[in-house]
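Nothing in this text is a laboratory measurement; each read-out follows from the coordinates by a stated rule. The model shown is predicted, which means the values in this text are computed figures rather than measured ones. When we count neighbours, we look across all protein chains shown, and the Cβ atoms used for this are built from the backbone with ideal geometry, even at glycine.
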Amino acid sequence: MGTTASSSSPLRIGLAGLGTVGAGVIRLLQSNGDLIAGRAGRPIEVTAVSARERGKDRGVDISGFAWEDDMTALAARDDVDVVVELVGGSDGPALTLSRAAFNGGKSLVTANKAMIAHHGMELARQAEAGGHALKFEAAVAGGIPVVKGLREGASANELTRVYGILNGTCNYILTTMEATGADFGETLAEAQALGYAEADPTFDIEGVDAAHKLAILATIGFGVELDFANVDTVGIVQVRAADIAQADALGFVIRLIGEADVQNDADGPKLLQRVRPCLVAKDHPLAPVDGPTNAVVAEGNYVGRLLFQGAGAGDGPTASAVVADLIDIARGDVGTPFSAPVDALAKLAPAEPGGRMGRAYLRFTVNDRPGVLAEITAAMRDADVSIESLIQLGLQKAGGGSDDNEVLVAMVTHEGPEANVGKALALLDGSDSLTGEPLVLPIMA
């Protein structure tokens, strides 16, 4: 394969995608070239590139690189050892290029979390079969070396839990709502204007982006097969300014948390993966993480709690992660893409979280009329949900709605089985007292 060349010869790169990150990779390799060569043991240089528009000004000089209109042609070039895929998308051209890279005897570096989450097992098998590298540090948490940290630094540990703030857009929105008192829609529009949110922010605000990253971390952390399809995902669209304020009054902040662990049931181990907004105590390490920052916590049986924190996106941090992978390949580090060879990864059924114990914050949007509280508390009683505190926001209109007769009612539960909260909500389903879907925010332990 291309990466077995002598240590004095350059590692030659075919780069697909010249957007913000692609241009950042070129800029980093040019500005830190001597330092990178010293650490890699050999120079790393781009020899060929491909993108949609050849003449676009990207702020970097690409005139010295060969140009391919068809990015797949990068995989067949004799002067390319490693293909760097920065196109994006779980399928389509990015996947075609990645398969072609391995078929062409190349290694692959990608920042494509969606592709790895959906097709990581297939690509890892292909890489392992040919003795090629598949590296994707930049796919999870931008410039934070969490993939390497879990796969290598914590490899002697049995990890019991991996969780964290995995989406900078959601974290920016929630912490801005916290600081300004603005509601969700207004803050999302501001995030889009500032470039922190895409024109179509669906993948971010509905938790899909975080779920992609969580599935990858679970595979590396626990040595299990990728199972993105069974990540239970809830986004932040329902969170209101009133919820942020109430969480603050209770000593919490609201963060979108992805969490994974392995639960040992009577019939064997099961994998729990879920993304959801949670109440996080103000003294927890994740509470002060604000703006578009990412943070990942891993808990190991010998190392204890590890915290990885930093920029989760952006041209500099993401390019840094891409080039770090290239340095590993230049040193001859092929390894296995995940924590173990694909055939050694455990295939676990998804865990049923209903029996787990926990506390929760519940918020209801209701008609402002007598009897509503009694109906809600009766449903809680019948589902065996114990109420720790009931917050009647009867004098505070719901906000963001069109009906002046809507108000908010919130409560915090005592610790109990998670399934009981679901039973209570099922009892209230269809009630004409409720004017919107209830919001459930678990209180993170």
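Quick look at the values:
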| read-out | value |
| --- | --- |
| Estimated dipole of the range 355-443 in Debye, rounded to 20 [Cβ of Lys and Arg +1, of Asp and Glu -1, Cα centre] | 240 debye |
| Radius of gyration, Dmax [the range 149-311; alpha carbons; angstrom] | 16.1, 51 |
| Hydrodynamic radius of the range 128-171 per Kirkwood, over alpha carbon pairs, in Å | 12.5 Å |
| Cβ crowding within 10 Å averaged over residues, with 421-431, 270-280, 211-221, 340-350 ranked highest first | 211-221, 270-280, 421-431, 340-350 |
| FRET efficiency, Glu53 to Gln30 (Cβ-Cβ, R0 22 Å, nearest 0.05) | 0.55 |
| Theoretical gain in end-to-end length, Ala340 to Ser9 [0.36 nm per residue, Cα-Cα removed] | 116.2 nm |
| Between 0 and 90°, nearest 10: helix 168-180 axis offset from the chain longest Cα axis | 40 degrees |
| Simple spin-label estimate for Ala229 and Glu388 in nanometres, 7 Å along Cα-Cβ | 3.7 nm |
| Evaluated at q = 0.09 Å⁻¹: base-10 log I(q)/I(0), Debye formula over Cα of the chain | -0.62 |
| Check: the chain dipole with +1 on Lys, Arg Cβ and -1 on Asp, Glu Cβ, in debye | 1060 debye |
| Of Ile327, Phe338, Pro353, farthest towards positive along the dipole that unit charges on Lys, Arg, Asp, Glu beta carbons give the range 245-368 | Pro353 |
| Rg [Å, one decimal], Dmax [Å, integer] - the range 355-443, C-alpha atoms | 12.5, 39 |
| Spatially proximal lysines relative to Lys423 (Cα-Cα < 25 Å; intrachain offsets below 8 disregarded) | Lys270 |
| Within the range 2-139: Cβ-based charge dipole about Cα centre, in debye rounded to nearest 20 (Lys, Arg +1; Asp, Glu -1) | 240 debye |
| The chain: calculated mean residue ellipticity at 222 nm from DSSP helix runs of at least 4, using -39500 (n - 2.57) | -9500 deg cm²/dmol |
| Selected from Ala215, Thr169, Val234, residue furthest toward positive end of dipole (the chain; charges at beta carbon) | Ala215 |
| Burial order of peptide ranges 315-321, 382-388 (average beta-carbon count within 10 Å, highest first) | 315-321, 382-388 |
| Fraction in percent of alpha-carbon pairs per bin - 10 Å, the range 234-334 | 12, 29, 33, 20, 6, 1 |
| Relative contact order of the chain, defined on C-alpha pairs under 8 angstrom at six or more residues apart (%) | 17 percent |
